[in-house]
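The values are calculated or read from the model by the stated rules, or taken from the named source; none is laboratory data. None of the values given here were measured: they were computed from a predicted structure. Heads up, the Cβs are rebuilt from the backbone with ideal geometry, glycines too, and the neighbour counts pull from every protein chain shown. Surface accessibility is based on the protein's heavy atoms, side chains included, excluding ligands, DNA and RNA. Shrake-Rupley method; radii C 1.70, N 1.55, O 1.52, S 1.80 Å.
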Amino acid sequence: MSKKQVVTATINGREETFLCEPRQTLLEVLRDVLRMTGTKEGCSNGNCGACTVMLNGRPVDSCLVLAVECENAELETVEGLAAGDQLTPVQNAFLEGAALQCGVCTPGFLVSATALLRENPEPTEHDVRWYLAGNLCRCTGYDKIVRAVLDAAERRRNAETV
Amino acid sequence: MRVAVQSSIQQRHRPKMRDFDYAAPATLQEAVTLFSRHNGAARALAGGTDLIDHVRTGRVTPDVVIDVKRIPELNRLEITPDGLRLGAAVPCWRIYESAEIRESYPALVDACSIIGGIQIQSRASVGGNLCNSGPAADTIPALIAHSAVCVIVGPEGEREVPVEQFCTGPGRNVLQPGEILVEMKLPAPPPRSGSHYRRFIPRNEMDIAVVGVGAAVTLDESGTSLVCGRIAVGAVAPTPLDAVDASNLLAGAPVDDETFQKAAAAARAIAVPIDDMRGTRDYRVHLTGVLTERVLREAVSRAQQAAGA
Ligand SMILES: Cc1cc2nc3c(=O)[nH]c(=O)nc-3n(C[C@H](O)[C@H](O)[C@H](O)COP(=O)(O)OP(=O)(O)OC[C@H]3O[C@@H](n4cnc5c(N)ncnc54)[C@H](O)[C@@H]3O)c2cc1C
Ligand code: FES
Ligand code: FES
C-alpha cells in the first residue's frame, strides 16, 4: 500500500492535520477521517453536487478532489457557514422557504448558493438556475430552492452577513 | 490544531479506489524526470474531473498520479503580442473570468463556460479536456477554430503539434509515454475577427454534446466579405474534425445566407457520427448543418461588433 501522507489544511478557519492515502478523496477524508459528515456523498462522480465544498474560495465537488491535493489549502464546508447558532441568510431562507425535503442535497446547495452570492450578490433567477446546475435534488423540483436563494440575496442586501 | 486519524468503523461501505502513489512536482524538469522514470505507469492529474472517476471505475490503472497543477508553465495564462499562451492545467473559470480572453477568444470562452457545472469549471482544465480526447470534448472544436498549437515535452525534449492533429481516436492522442502537454498557443486574431462555439444538448446544461461546432471568422474592411474562417465539428466522428472544405469556402466569400448554407453543407459532408441514446446518425448530420449556420452567423456578428468597436 502507498505510504500515508500527512496533509495540513485550513478547514473552516481552523488548521487541521490529517493522515490519508493518496487514493482517498477529500470527501472520504472529510467524512471518514475528520468525521465532518455535513458534506454528503451522492454519486461520487461529479454529477450531483451533494459533496460541494469551497477549495481556495471556489466551489468544487469534493468527490473529485484527492485529499493529498489539499496541502496548504483553504477549505470551507457546510459546517463552517453558520457562526455557532447564528445561521446565514442562505440557511435561514432555505429553512423558512422549505427549500428541502429529505435534505441530502441541502449541504451542497447551501455551499454553492453561498459561493454564488459572494460572487454575484444580485443574481437573476436565470443566474441562480445556471450557477446551481451542478447540484441535483430528487425531491423539491428546484423551485423552492431557487426562490430561497433569491430570498437569501435579498436578506443579504438587507444587512444580514454572508 | 487537531490531528485526526481514520476510524476503522466508518470506512466499510465505500469500495476503495485503486492504490497509487502521488507526487506534485514544482518544476517542469522534475515532472519530466518523474514521468520518464515511471514510463507509462504514471498519469497526469490536472483538475481530476475525468481522471479520478476513470481511476475509480478502473478505466485507467496508474501506479503513480502526478499532479501537474504546481508547475508554473502549466498554470500560465498570458496574452502576448503573438497571442494567448494557455497553460495546460489552467481551469475553465480563469479563462472565462479574463476580460481580455473574452474579447479575443470568445469561442474558447463559450466552451469553457458550458463544461459541467460551476464545481467542474472550478477544476476542469482545457489541457485535461484535450488529453482526455473525447470525441464530444467541448474545448477542442473551439481550439481548432482558434488554430491552437500544442506544446508537448517529454524525455526527448519539446515538440509542437497543431491541435487538429492531437487526437487520434476516442480517448487516444499523440502523447507518447513520458510526454506531457505543457500549453496551447493560440495566435492573436486579426482585426475584425469573431468566433463562437455552441453545442446541441437535450438539457440546458450538464450534458454531453450531441453535436458541437466552433468557428472563427475574419471580415474585410467593408464588413461585407470574409477574409478567412475556420470551422471545426465535435461529436460526429471518432475525433473532433477540422472542417477544411467548409473553412476554405469562407475565404473571400460574401457575408450572406448562401455562404453560410454552403459551409453548412460542406460541414455535413464530413460528419460520420454514431447512433446512440443522444441522437441517431441522421439527426446528428442534420444538426451539424444547422449548428454550423448558427455558429457562423454569431461569429460574424461578433466580428462586426469587434470592427465597430
Ligand atoms: C459532471 C461532469 C460534467 C462534465 N461536463 C463536460 C462537458 O460539458 N464538456 C466536456 O467537454 N467535458 C465535460 N466533462 C469532462 C471533464 O470535466 C473535462 O474533460 C475536463 O476538461 C477535464 O479536465 P481536468 O483538468 O479535470 O482533467 P483530468 O481529469 O485531470 O485529466 C484528464 C486526462 O488527461 C490527462 N492529462 C491531464 N493533463 C495532462 C497534461 N498536462 N499532459 C498529459 N496528460 C494530461 C490525465 O492523465 C487524464 O487522463 C464533465 C465531467 C464531469 C464529471
Ligand atoms: S458525490 Fe460528488 S458530485 Fe455527487
Ligand atoms: S431534498 Fe431530497 S434530494 Fe433535495
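Say we look at the range A:106-138 and pick out the residues that are within 14 Å of chain B (Cβ to nearest Cβ), assigned to a loop (DSSP other than H, G, I, E, B) and open to solvent by 20 Å² or more (accessible area, probe 1.4 Å); which of these is farthest from ligand 2 (Cβ to nearest atom)? Step by step, filter the range A:106-138, then rank; the result is A:ASN120.
Rundown of residues vs (1) more than 7 Å from chain B (Cβ to nearest Cβ); (2) in a helix (DSSP H, G or I); (3) away from ligand 3 (no atom under 16 Å from the Cβ), yes/no style:
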site	(1), (2), (3)
A:THR8	yes, no, yes
A:LEU30	yes, yes, yes
A:GLU41	yes, no, no
A:CYS48	yes, no, no
A:VAL60	no, no, yes
A:VAL68	no, yes, yes
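None of A:GLY103, A:GLY57 is modelled with pLDDT of 95 or more, on the phi > 0 side of the Ramachandran plot and within 16 Å of ligand 2 (Cβ to nearest atom) except A:GLY103.
When the strands (runs of 3 or more DSSP E) confined to the range B:62-117 are screened for residues that are under 27 Å from A:ASN47 (Cα atoms) and more than 16 Å from ligand 2 (Cβ to nearest atom), those reaching at least 3 such residues are found at B:64-67.
The single residue among A:ALA98, A:ALA152 that is in a loop (DSSP other than H, G, I, E, B), more than 16 Å from ligand 2 (Cβ to nearest atom) and not β-branched (Val, Ile, Thr) turns out to be A:ALA98. For the range B:115-135, the set of residues classified as near ligand 1 (Cβ under 6 Å from one of its atoms), β-branched (Val, Ile, Thr) and more than 9 Å from chain A (Cβ to nearest Cβ) consists of B:ILE115 only. Scanning the range A:76-87 for residues that are open to solvent by 10 Å² or more (accessible area, probe 1.4 Å) and away from ligand 3 (no atom under 16 Å from the Cβ) gives A:GLU76, A:GLU79, A:GLY80, A:LEU81, A:ALA82, A:ALA83, A:GLY84, A:ASP85, A:GLN86, A:LEU87. Can you pull out the residues in the range A:10-28 that are outside any helix (DSSP H, G or I) and touching a residue at least 24 places away in the same chain (Cβ under 8 Å)? Passing the criteria: A:THR10, A:ILE11, A:ASN12, A:GLY13, A:PHE18, A:CYS20, A:PRO22, A:ARG23, A:GLN24, A:THR25. Could you check the range A:1-59 and list, in sequence order, the residues that are β-branched (Val, Ile, Thr) and more than 15 Å from ligand 1 (Cβ to nearest atom)? Once the filter is applied, which keeps residues that are β-branched (Val, Ile, Thr) and more than 15 Å from ligand 1 (Cβ to nearest atom), the range A:1-59 yields A:VAL6, A:VAL7, A:THR8, A:THR10, A:ILE11, A:THR17, A:VAL29, A:VAL33, A:THR37, A:THR39, A:VAL53. Listed by position, the strands (runs of 3 or more DSSP E) enclosed by the range B:118-237 that each have at least 1 residues that are acidic (Asp, Glu), outside the structural domain of B:GLU30 (by TED's automatic domain parsing) and in contact with a strand residue (DSSP E or B) (Cβ under 9 Å, 6 or more places away or on another chain) are B:157-162, B:180-187.
Of all the numbered requirements in (1) assigned by TED's automatic domain parsing to the domain that holds A:CYS137; (2) buried (at least 21 other Cβ atoms within 10 Å of the Cβ); (3) without any contact (Cβ under 8 Å) to a residue 12 or more places away in the chain, A:LEU95 misses one, and that requirement is (2). Restricted to the range B:222-251, and to residues there that are of a type in the set (D, E, K, R) and either free of Cβ contacts under 8 Å to residues at least 40 places away in the same chain or within 26 Å of B:ASP276 (Cα to Cα) (or both), the residue that is least open to solvent (accessible area, probe 1.4 Å) is B:ASP242. Filtering the range A:100-121 to residues that are under 18 Å from B:GLY117 (Cβ atoms), aliphatic (A, V, I, L, M) and within 15 Å of ligand 3 (Cβ to nearest atom) leaves A:VAL104, A:LEU110, A:VAL111, A:ALA113. Which members of the range B:55-69 meet the condition of being of a type outside the set (A, V, I, L, M), at the interface with chain A (Cβ under 10 Å from one of its Cβ atoms) and buried (at least 16 other Cβ atoms within 10 Å of the Cβ)? B:ARG56, B:ASP67, B:LYS69 - these are the residues of the range B:55-69 that are of a type outside the set (A, V, I, L, M), at the interface with chain A (Cβ under 10 Å from one of its Cβ atoms) and buried (at least 16 other Cβ atoms within 10 Å of the Cβ). Among the residues of the range A:140-149, those identified as in contact (Cβ under 8 Å) with a residue 24 or more places away in the chain and either of a type in the set (Gly, Ala, Ser) or open to solvent by 50 Å² or more (accessible area, probe 1.4 Å) (or both) are A:LYS144, A:ARG147, A:ALA148.
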